[in-house]
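Computed from the coordinates by the stated procedures, all read-outs in this text should not be read as laboratory data. Treat the numbers as computed from the prediction; the structure is a model and nothing was measured. Backbone-built Cβ (ideal geometry, glycine too); neighbour counts: all protein chains shown.
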Amino acid sequence: MRTPLYTTIIRYIKVAPFPHATALTLLFVATTLYLEAHFLLNDGISFYTTALFILSALLGWGVILCQADAFSRFREFKRIKAIFSRRGFSPRILRHVSTSRCQRDAALLAAKETGCKHLAAKYFKEMGYRWYHIIPDAITQNPMNFFDPTFLRTTFLPRKDTLQQ
């Protein structure tokens, strides 16, 4: 039986609350800067207007990246849920998604929907993760890892074989 569209949308929002909240914030700021630049363009102020247009475009790109991250978390959620449904709870699966708050949220929702949320929450708590650990471990260790191709590939293009090792 197919899941209704509204249920899928709500699940999509629940899987990645931080990327969605960040995307909305960036969208608001980018729109505000764009409108301000548009009003200044009518007054003939060109340098300041150009800077605001560029900044609003960069923030718009941030919205796209946040939504790409949210979509990746949704794919990961579906994959983890399928694994838990077939094989039952496995801490080995959670180990691969424990380094990021967004990944932990997706795994916790998958565990909740398969009836083992308490086990997943206990596993993450035993690893030392709390609600305020938002920034991914790789970025906490070295902020320049954000530009590392390996980090970007595992963030935006999670593969099936990364969960089944």
- Item | Highest-fluctuation residue, Leu108, Leu27, Leu41 considered, GNM on the chain with Cα pairs under 10 Å | Leu41
- Query: Roughly speaking, what is the stretch gain from Lys122 to Thr32, that is 0.36 nm per residue apart minus the C-alpha to C-alpha distance, in nm to one decimal?
  - Reply: 28.2 nm
- Item | Label selected from (1) 1.08; (2) 1.00; (3) 0.98, the criterion being Rg/Rh (Cα atoms, Kirkwood Rh) as computed here | (1)
- Which ordering of Ser56, Ser90 is given by a fewest-first count of other beta-carbon atoms within 10 Å? Ser90, Ser56
- Query: Cross-link partners among lysines for Lys125, C-alpha distance below 23 Å, same-chain residues fewer than 8 apart left out?
  - Reply: Lys14, Lys78, Lys81, Lys112, Lys117
- Message: Please arrange Tyr123, Tyr48 by how many other C-beta atoms lie within 10 Å of their C-beta, fewest to most.
- Response: Tyr48, Tyr123
- Item | Debye intensity ratio I(q)/I(0), log10, segment 61-159, q values 0.15, 0.16 Å⁻¹ (C-alpha model) | -0.60, -0.68
- Query: Where does helix 101-113 land angle-wise versus the long Cα axis of the chain, in degrees 0 to 90, nearest 10?
  - Reply: 50 degrees
